[in-house]
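Worksheet: one structure, shown below.
The values are calculated or read from the model by the stated rules, or taken from the named source; none is laboratory data. Model, not experiment: these values are computed from the prediction. Counting neighbours? That spans all protein chains shown, and the Cβs are built from the backbone with ideal geometry, glycine included. Protein only, heavy atoms only, side chains kept; ligands, DNA and RNA dropped before computing areas. Shrake-Rupley method; radii C 1.70, N 1.55, O 1.52, S 1.80 Å.
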Amino acid sequence: MRIAQPAHRWFAGLLLSAASALALAQAAKPHVVVLATGGTIAGAGASTLNSVTYVAAKVPVEKLLAGLPELASVARLTGEQVFQTASESFNNEHLLTLARRVSALTKQADVDGIVITHGTDTLEETAYFLNLVVHSAKPIVVVGSMRPGTALSADGALNLYNAVSVAASQDAAGKGVLVTMNDEIQSGRDVAKSINIKTEAFKSQWGPLGMVVEGRNYWFRAPVKRHTVHSEFDIDAIETLPAVDIVYGYGNMNTTGIEAYGKAGVKALIHAGTGNGSVAAQAVDALKALRAQGVQIVRSSRVPDGFVLRNAEQPDDKYDWVVAHDLRPQKARILAMVALTKARDSKELQRIFWEY
Ligand code: DAS
C-alpha cells in the first residue's frame, strides 16, 4: 500500500529531481576553457559614453563570465586568468606561455574547446602563432572587443558569446585557430586588425571562413594553408623564439634601422616594402650585407592586401632573399620566428612561407 507523502516532501522531491536533471544537462554540454589575457574586452571606462577612452585589462575572467549568464546555454565553462595586459605589450614569452597552456588543455579529454580573450592590437599575431604551433583539431577561438563592456553598444559580450558558441561546436574542429569578431568567423592566419576605431575592425583579404548568428555557425570556405595538426612545428618542442624584427619602407628611407638590427643580432629581418615589397636602392646593399652575415631577409609589403611576387621587384634568387607571400609584416615576423626554430637555409624558409 502506498503511503501518501505530505505535499511539502513531494514538492521537495520534485525540486530535487529537477535540479539534478538540470545539473546532468549542464554536465553533458561541451566543456570550454576561457583563457583571459586582458585587452579591451576586459576594459573599463569612466562612463557609458567612453567607447574609446578607457583602461584595458581591468576586469577579471570570473567577472567576464559572470556577466554573461547566456553562456551556460552553450557550454560548461572554466575560466583562467593567464595574463592581465594590454596586448600591445605582449612579448615572445607571452606567446610561448599562452601556447603551452593552450596545448596542455587540448590534450585533456575533458576539454572540448578553448577561447582566448585578448587585446585587439596584437590579437592577429597570437592567433597566427597558435595556428602554427598547437597540435590539436579542437576548436581554439581568439576573441577581443573594440569597446569596453562599460560603453554603450559594447561589442565584447556578443563577441565572447559567439566565441564560446563556436568553441563548443563540433563543426569548428579542424579549421585551424579561429577569431570571432563582429559576427564573423575569421581564420587566425588570414585576419588582421584593419580599422583601429570601428567594431567592424578585423578583416581578411580572402574573406571570413563564415559567420556565427544566434549561436549557429554558417561556413563558406575552409583554410588551405597548413595549420595545427598539419603543422611541422610544435610548441612542445620550442624553447625560445629567435629575434626577428621589421623595418618599414618609405620615401627618403635610410639604412639606420637595418644596420641597427644587424648589430643587435636579429636572425631575420622583415622588410615591409612599398608596393609589391619594393626596396629603395639605397637600402639594397645594407640588406645584402645582413644576408652575407647570415641574417635571413624577408620581403613583405606595407600595402595590406595582395601578395609579394618572388623576383619581381628584386632579384630574390640572386640575393638569396625570401618573399612573405600574402602575409602582412607582423604576420611574416611570427612565421619567420617559428620557421627559424627548424629551417636552416633560405630555400627551406621560402617553402615554409609558401605552405603556411
Ligand atoms: N590596447 C588594446 C589591446 O590591449 C586594447 C584592445 O583593443 O583590446 O590590444
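Brief remarks on what is shown
- Test: residue in the stretch 37-53 that is open to solvent by less than 50 Å² (accessible area, probe 1.4 Å) and either touching a His at 6+ places or on another chain (Cβ under 6 Å) or free of Cβ contacts under 8 Å to residues at least 60 places away in the same chain (or both): yes
- Residue satisfying condition, being in a loop (DSSP other than H, G, I, E, B), at pLDDT 95 or above and open to solvent by less than 20 Å² (accessible area, probe 1.4 Å), within set 303, 284, 308: 308
- Answer residue from the stretch 23-42, given it is among the small types (Gly, Ala, Ser) and at pLDDT below 90 and is farthest from residue 161 (Cα to Cα) among those: 23
- Exclusive hit being among the hydroxyl-bearing types (Ser, Thr, Tyr), within 15 Å of the ligand (Cβ to nearest atom) and over 16 Å from the mean Cα position of the chain (by Cα), set 117, 150, 126: 150
- Failed condition for residue 278, given (1) under 30 Å from residue 178 (Cβ atoms); (2) surrounded by 12 or more Cβ atoms within 10 Å (Cβ to Cβ): (1)
- Qualifying residue in the stretch 66-82 (condition: touching a Gly at 6+ places or on another chain (Cβ under 9 Å) and of a type in the set (Lys, Arg)): no
- Restricting attention to the stretch 328-346, the residues being within 17 Å of residue 273 (Cβ to Cβ), open to solvent by 10 Å² or more (accessible area, probe 1.4 Å) and either in contact with a helix residue (DSSP H, G or I) (Cβ under 6 Å, 6 or more places away or on another chain) or aliphatic (A, V, I, L, M) (or both) number 1.
- Set 258, 270, 246: member being assigned to a strand (DSSP E or B), open to solvent by less than 20 Å² (accessible area, probe 1.4 Å) and within 28 Å of residue 90 (Cβ to Cβ): 270
- Residue in the stretch 219-239 that is of a type in the set (Ser, Thr, Tyr) and over 19 Å from residue 131 (Cβ atoms) present: no
- Qualifying residues in the stretch 77-100 (those that are surrounded by fewer than 17 Cβ atoms within 10 Å (Cβ to Cβ) and touching a residue at least 24 places away in the same chain (Cβ under 8 Å)) - the one farthest from the chain's Cα centre (by Cα): 78
- Enumeration of residues in the stretch 82-103 that are within 12 Å of the ligand (Cβ to nearest atom) and not in a helix (DSSP H, G or I): 83, 84, 85, 86, 90
- Residue 106 of a type in the set (S, T, N, Q), closer than 17 Å to residue 229 by Cα, more than 12 Å from the chain's Cα centre (by Cα) and more than 16 Å from the ligand (Cβ to nearest atom): yes
- Conditions (1) open to solvent by 50 Å² or more (accessible area, probe 1.4 Å); (2) more than 16 Å from the ligand (Cβ to nearest atom); (3) closer than 30 Å to residue 127 by Cα; (4) of a type outside the set (Val, Ile, Thr): number failed by residue 58: (2)
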